[in-house]
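Here the structure is laid out as structure tokens; the discussion comes afterwards.
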Amino acid sequence: MHINTSFMKILPVFIFIVFTVTRIQGQAAVRQPAEYFGFKPGTDRQLIDYGSLISYLQELDSQSDRLKMVDIGESPLGRRMYIGFISAPENLSALDHLKEINQRLAKKSDLAKEQLQQDVTNGRVFVLATLSMHSGEVGPSQSAPLMAYDLVTTKAAKKLKWLRNTVFMMVPCHNPDGMDMVVNHYNKYKGTRNEGASLPGVYHKYIGHDNNRDFVTLTQKDTRAIARIYNKDWFPQVMVEKHQMGKTGPRYFVPPMHDPIAEVIDARIWNWTWIFGSNMVKDMTQQGMQGISQHYLFDDYWPGSTETCVWKNVIGMLTECASVKYATPVHVEPNELKVYGKGLAEYEKSINMVEPWPGGWWRLGDIVNYEIASMYSILETASQNREELLRLRHHLTQSSVNKGQREAPFYFIIPADQHDQSEWLKLIDLLLEHGIELYQLKQNIELNNQLFKQGDVVIPLAQPFRSFILEVMGRQHFPVRHYTPGGEMIKPYDITSWSLNLHRGITMTKINQRHKRLEQVLDPLKESLRIHDEEQFEPFWAVVWDVRHNSSFKMAFHALQNNLKVERLSEIVNYEDKKIKNGSFIVYNKESSGEKIRELVQKCLVPPLYLKKKIDVDTTPLGSVKVGLVESYFHDMDAGWTRFIFDTYGIEYTVLRPAALKEDNLSSQYNVLVFPDERASVLMEGKRKSKDDYYVSSYPPAYTEGMGKEGLMNVIQFVNGGGKVVSWGSSTNLFDGTLNMAKKENQKPGTEFQLPFNNIAEEIGKDGLYCPGTLLKMKVDNEHPLALGMREEAAIFYRGSGVYETSIPYFDMDRRVIGLFPKKDILLSGFGQNLDKLANKAALLWLKKGKGQLVLMGFNPQFRASMPDTYKLLFNALLLEDLN
């Protein structure tokens, strides 16, 4: 066979030309969004759903060398999530190399001068944008295809320069599940009187608007997928989270944020948010856009506004755009324009809003245009300052490590010996997920007259994410600031405590001196810890799961699901050299159950104790738990968090809408009714109430029916007949005051009564108590069945909705105070005013009525899945033994 060598020499060139022509032709054939979707995104009364959005971006990816779609994980309901990398072709072809540069700049403090210069020369500024986290805020995701199309087809020299100098990391939708929920809901009612009505329920599998409140605890799949971008994988230098706000205020918010700000953040990060924000105002105003505010309403003290980015050396920002009714335009009259919060006292021209919007029609297309303009301004600023931003990232890393080597604290040590070892293990996992460098002691060591043992976990503060460690480990101290000297305090935007160890009941020691000999006995910890099961399934009579561990409750609930016989120890048991706490769970090894037990053991964080021989012990059998979980349609996030906890721990439940409580067969279906933190007016009447006035609901009427007096009467009859009610927060007001067990026409002496307690929270609030979301101390009667496994003092997350006084009961009622605020030293973490008014007041009650029981909590025991220290109170409440 003869081969033409001349042809072979030119073949590679020929292939390159064909490939290049094909790519150019492909780019020329790229469909515009309007052609693909049948309308231009931003058109009045039109929305694209998540599947269509991703399909279009994938089509662009297949036709352009300026876009690369990368899968980053899965949403809670199973939709794939993506980053769209948009940049110059030469950058995308070298993406792995650029990623390595980012990792060095972000994690290595000791880069040689030559290496740093090389990385700054070759690196690109990675700009991460997460769009429409809150799914009712549709505009950012609707703008995504327009930005993508423009950037992959542009010939404008300015934009091509952006693409050469930056890598735009666009997460086209932060919350895919919620996006489809909202779009489907909007389309269902489009053209009816309910067009633009609020989506009933939460726009997420579980947590709805609270998803940006999950970036410390990282409980949700979508949150973890986003956080991994800057915690462990890509380490962008700049990040913006894009939201929407109310309809009648400023049209747009850009950085900088308002006070208070987190004090542990490097000043250079805050300075750069000013630069990016000022450029946004300048660029957007130059394009004729009005109503752009800055230094207004939103603070960056709590780790939610910027996904914890700024605590990890990322220039993190937030933008907010005025909303419409999803895609339906709104007309805003001038007299309806107003401001609230902080930064603007009047809706007038000021340094924080230099060009007010006068009012008129506001459309989805306006939102889309503002989003594109603000994003392009960010890319322009990043492009212009490429080398400085790359160098800054390394300097921030270097500064963090140097401070950790020179300034106290130098280490945090988390002993392995904890009251709840399962929460210790989960805390270690969480810190690793945050990209924190952890170590374990190879041997015992004594420091400052305190013995630390082999296996204890050490967190050196000389590491890149030092600010984050300082922020989330230990107590939070709110930075009190005022509008004027001696004037009104600037209140926090959200909560004020998020301590990862205190919220879990985990003890930790702060070391304020540097110890070289400590650093010599440390082993790096790279992966999850598990406690070794030394028994390895030797023959055993029964297994016992320690009641102090939350994971033991999980095993008990899963065992019940698997039809295993589960009992609780009624007394303390001494077995060999171990003391087993009363309330611990015992499961017997019978022929039919051995394999199921082994499967449970393999899933358990903390191994059980194996009882190798039969012992005499008093136990109480666990019956089935049939839970009715009451969840309103009013974006009931607390109920959603409760569903998440129940699903995580294997607790079977049925969601009940308030109107369903009008049915009179509750006791035949449930033995426990759970009322999460929801206003009593919503549960009773389907309306939000403030003092004596009601808010007009924005939900379709079919979703606004409350339980009414009939439903409450059924709940009381359910309790009186032997059922259990577990209620916390505002919902406990349902059971305060005069109650009836019969309809008015059937009432007789004895049907009307008052439970022996009063909620005095409103009275104390008027007297000056202020708890915006604070970690407080509660004394616990841990001998009561409701508090088995608890310590004598617990940390509770408190927001002022429940403070109880009890009274001497009459007839078939009784009460016990299980949790009590101490007389002094109530504050554990965060901010509160006039906390002394809580002294010696009840926070947790057990009540008896007839044959049934009620558990009332003035705090949220599962608050945002961030309070493992009080989970046991909820679990024990579900497992309370029926009264004789």
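Where a number appears in this text, it was derived from the coordinates with a stated rule and is not lab data. The shown structure was predicted, so the numbers you read here are calculated from the model rather than taken from an experiment. Glycine also receives a Cβ, built like all others from the backbone with ideal geometry; neighbour counts cover every protein chain displayed.
Averaging 1/r across all pairs of distinct Cα atoms in segment 485-609 and inverting the result yields a Kirkwood radius of 18.5 Å. Determine, at each q value in 0.05, 0.08 (inverse angstroms), the log₁₀ of I(q)/I(0) that the Debye formula gives when each Cα of the chain is one equal point scatterer. Scattering profile of the chain, log10 relative to I(0): -0.32, -0.81.
Kirkwood-type hydrodynamic radius, segment 645-742: 14.3 Å, calculated from all non-identical alpha-carbon pairs.
Note down the Stokes-Einstein diffusion coefficient of segment 95-157 in µm²/s, whole number, using a Kirkwood radius over alpha carbon pairs, 37 °C, and 0.692 mPa s.
223 µm²/s
The long axis of helix 95-107 is offset from the longest Cα principal axis of the chain by roughly 60 degrees.
With contacts taken as Cα pairs under 8 Å at a separation of at least 6 residues, segment 753-826 carries a relative contact order of 43 percent. Across all Cα atoms of segment 410-478, the radius of gyration (one decimal) and Dmax (whole number) stand at 12.4, 38 Å. Given +1 at the Cβ of Lys and Arg, -1 at the Cβ of Asp and Glu and no other charges, the dipole of segment 30-183 around its Cα centre is 580 debye to the nearest 20. Comparing Cα centroids, segment 245-300 and segment 389-406 end up 25 angstrom apart. Of the trypsin sites (Lys or Arg not before Pro) found in segment 691-756, the ones in coil according to DSSP and having at most 11 other Cβ atoms within 10 Å of their Cβ are LYS691, LYS743. Of the peptides 190-199, 484-493, 40-49, 324-333, the order by per-residue mean of other Cβ atoms within 10 Å, starting with the highest, comes out as 40-49, 324-333, 190-199, 484-493. Placing one identical point scatterer on every Cα of segment 775-884 and ignoring solvent, what is log10 I(q)/I(0) from the Debye formula at q = 0.24 Å⁻¹? Normalising to I(0) and taking log10 leaves -1.43.
Derived scalar couplings between HN and Hα for segment 648-663 equal 5, 9, x, 9, 6, 7, 10, 6, 10, 7, x, 4, 5, 6, 6, 5 Hz in order, rounded to whole Hz, by the Karplus curve 6.51 cos²θ - 1.76 cosθ + 1.60 (θ = phi - 60°), x for Gly and Pro.
With Cα atoms as the point set, the radius of gyration and Dmax of segment 120-258 evaluate to 17.2, 59 Å. Divided by 2.2 N^0.38 Å, where N counts the residues, the Cα radius of gyration of segment 281-351 comes to 1.34. Pairs exceeding a 20 Å alpha-carbon distance, out of LYS107/LYS510; LYS491/LYS777; LYS581/LYS824; LYS158/LYS282; LYS724/LYS837: LYS107/LYS510; LYS491/LYS777; LYS581/LYS824; LYS724/LYS837. What the Kirkwood sum gives for segment 780-838 is a hydrodynamic radius of 13.6 Å, with every pair of different alpha carbons counted.
Compute the orientation-averaged projected area for segment 384-535 from the convex hull of its Cα atoms and round it to one decimal in nm². Don't skip to the answer; put the middle values down first.
Working: hull surface 53.7 nm².
The directionally averaged projection comes out at 13.4 nm².
About the centre of its Cα atoms, the chain shows a dipole size close to 1020 debye [charges on the beta carbon of Lys, Arg (+1) and Asp, Glu (-1) only; nearest 20 debye]. When the pairs LYS579/LYS626; LYS626/LYS689; LYS99/LYS161 are compared against a 23 Å limit on Cα-Cα distance, LYS579/LYS626; LYS626/LYS689 fall above it. Computed over Cα pairs, the Kirkwood radius of segment 574-719 leads via Stokes-Einstein (1.306 mPa s, 10 °C) to a diffusion coefficient of 84 µm² per second.
With the radius of gyration and the Kirkwood radius both derived from the Cα set of segment 438-493, what is their ratio Rg to Rh?
Working: Rg = 18.6 Å, Rh = 14.9 Å.
Result for segment 438-493 is an Rg/Rh of 1.25.
Summarising the overall dimensions of segment 155-198 from its C-alpha atoms, the Rg and Dmax are 18.3, 49 angstrom.
If you take the C-alpha gyration tensor of segment 337-427, multiply each eigenvalue by 5 and take the square root, what semi-axes do you get, largest first, in whole Å?
Numbers: eigenvalues 388, 120, 58 Å².
They are 44, 24, 17 Å, listed from largest to smallest.
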